[in-house]
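Contents: one structure, followed by commentary.
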Amino acid sequence: MRRSVLLSCALLVFALAGANAEDGDLDSLINSLFTSSPGTIIATSTAAPAPTSPPIGTQAACLPGQRCVQRYLCTNDSTSGAGLIDIRFDNDNPCVNYLAGCCYEEDIISSPPTVPVLDNPTCGKRNPDGIGFRITGAKDESEYGEFPWMIAVLKQEQALGQVVNVFQCGGSLIHPSVVLTASHCVQNKSPAQLKIRAGEWDTQTKNEVFPHQDRQVVDIVVHPDYYKGGLYNDIALLFLESPLKLDEGIQTVCLPPPNAKFDLQRCFVSGWGKDVFGKTGSYQAILKKVELPVVPNTQCQTALRSTRLGPKFVLHNSFMCAGGEIGKDACKGDGGSPLVCPIQGSAQSYHQTGIVSWGIGCGEETPGVYTDVASFRNWIDQQMQSRHFDASSYTLS
């Protein structure tokens, strides 16, 4: 696996054909790159996972008197959700799912841990050690709950007589009722088609400590100057039918002040996108993260001119760039996902500086191109105020 951010897949992945663009056709080129291609079903149920699911794994593999359960449902410290968990399916674990473990019947509890609701949450708080457990055997997977603002934007479709949720793109939570994403992900979509999921991590299991939360989208606001051909002003807001309940695993991200610059800072992009571009790239389940440097726009434009875009290419002022390190990048399917940079003087607090928009290939020497969030801070504030939401949810106090 290359060190890149990967797109979520849970139950089924349809084949995604890699598009080839003719040289000089910027419209086709961009549409074939980072713009997400729907086709990944991440869940068929709209309900949050049940607190006590059936036993997981082969009971015969456990000791007599034991059975496989979610680790947090076992009072025995050696099999609880605390401590380190090997996500690479350790052969010493007789249970099929790495978040499950053998537990004696008398140690099994019937009620899961209470979700700690936050009364006065602060935006942008990353959880670098995760929530409830830490993972081992990881290469570029995020910890559970490490980026609590991460959102999956889903499109509801009919398949085989039931409603399924097809992954559209990433997003970030800036208010309990508002998600920030890219215009290219949601333009020409009806709000009734879209829903969002917060608190997701491994899309192939429902055995995380806390359940995810789903909300229907009731309004989509695409930037009025969005230009599909070049992805200029690639930013949009999704307003939800009801606010999410903020807890340790679901929180808002901070937004930077207008026109702030983050050149040369090392930042994180997270998402569920491909590991490499094209047909050979794979989609995986667990939320990934990659640390990247922010690249000044003049340097980024020079790098982009050395590609098939040609020597006359001009980087639009609505963009910023990050990356340019071999094997480390966002990729196809990551559209709309957040790039976050540390807030100076505030431990483990982050501003969202970018939104994944487009790029030339994945994981190469050419930086990826992101929507510059700071350039749109005033627009975001205006949209929030017009709906009677204030900026405190995404402003560090």
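Structure above, values below:
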read-out	value
Looking only at region 58-80, and only at residues there that are open to solvent by less than 30 Å² (accessible area, probe 1.4 Å) and modelled with pLDDT under 50, the one that is nearest to residue 101 (Cα to Cα)	79
Number of the exception - residue 209 against (1) open to solvent by 30 Å² or more (accessible area, probe 1.4 Å); (2) touching a helix residue (DSSP H, G or I) at 6+ places or on another chain (Cβ under 7 Å); (3) among the β-branched types (Val, Ile, Thr)	(1)
Qualifying residue in region 226-235 (condition: crowded, with 21+ Cβ neighbours inside 10 Å and in a strand (DSSP E or B))	no
Long-range neighbours under 6 Å by Cβ, at least six apart or interchain, first residue under 14 Å from residue 378 (Cα atoms) within region 224-240, second part of a loop (DSSP other than H, G, I, E, B) and modelled with pLDDT of 95 or more	233/223; 233/225; 233/226; 233/318; 235/223
Pick from region 318-341, criterion open to solvent by 10 Å² or more (accessible area, probe 1.4 Å) and touching a strand residue (DSSP E or B) at 6+ places or on another chain (Cβ under 8 Å), ranking: modelled with the lowest pLDDT	328
Cβ pairs under 6 Å, 6+ apart, first in region 373-397 and farther than 26 Å from residue 344 by Cα, second open to solvent by less than 70 Å² (accessible area, probe 1.4 Å)	383/221; 383/237; 389/175
Residue satisfying all of: in region 283-318; touching a residue at least 24 places away in the same chain (Cβ under 8 Å) and hydroxyl-bearing (Ser, Thr, Tyr); nearest to residue 370 (Cα to Cα) among these	318
Failed criterion for residue 200 (all others in (1) assigned to a strand (DSSP E or B); (2) open to solvent by 10 Å² or more (accessible area, probe 1.4 Å); (3) not small (Gly, Ala, Ser) hold)	(1)
Region 157-168 residues that are among the charged types (D, E, K, R), paired with ones that are surrounded by 10 or more Cβ atoms within 10 Å (Cβ to Cβ) (beta carbon under 6 Å, 6 or more apart)	157/164; 157/166
Positions within region 163-212 being among the polar types (S, T, N, Q) and farther than 27 Å from residue 227 by Cα, in sequence order	165, 203, 204, 205, 207
Residues satisfying the stated conditions in region 236-249, i.e. of a type in the set (Gly, Ala, Ser) and either farther than 15 Å from residue 175 by Cα or assigned to a loop (DSSP other than H, G, I, E, B) (or both)	242, 249
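The values are calculated or read from the model by the stated rules, or taken from the named source; none is laboratory data. What you see is a predicted model, and the numbers here were worked out from it, not measured in a lab. Every residue, glycine as well, gets a Cβ built from its backbone with ideal geometry; the counts of neighbours run over all protein chains shown. Calculation scope for accessible area: heavy atoms of the full protein, side chains included, ligands and nucleic acids excluded. Shrake-Rupley method; radii C 1.70, N 1.55, O 1.52, S 1.80 Å.
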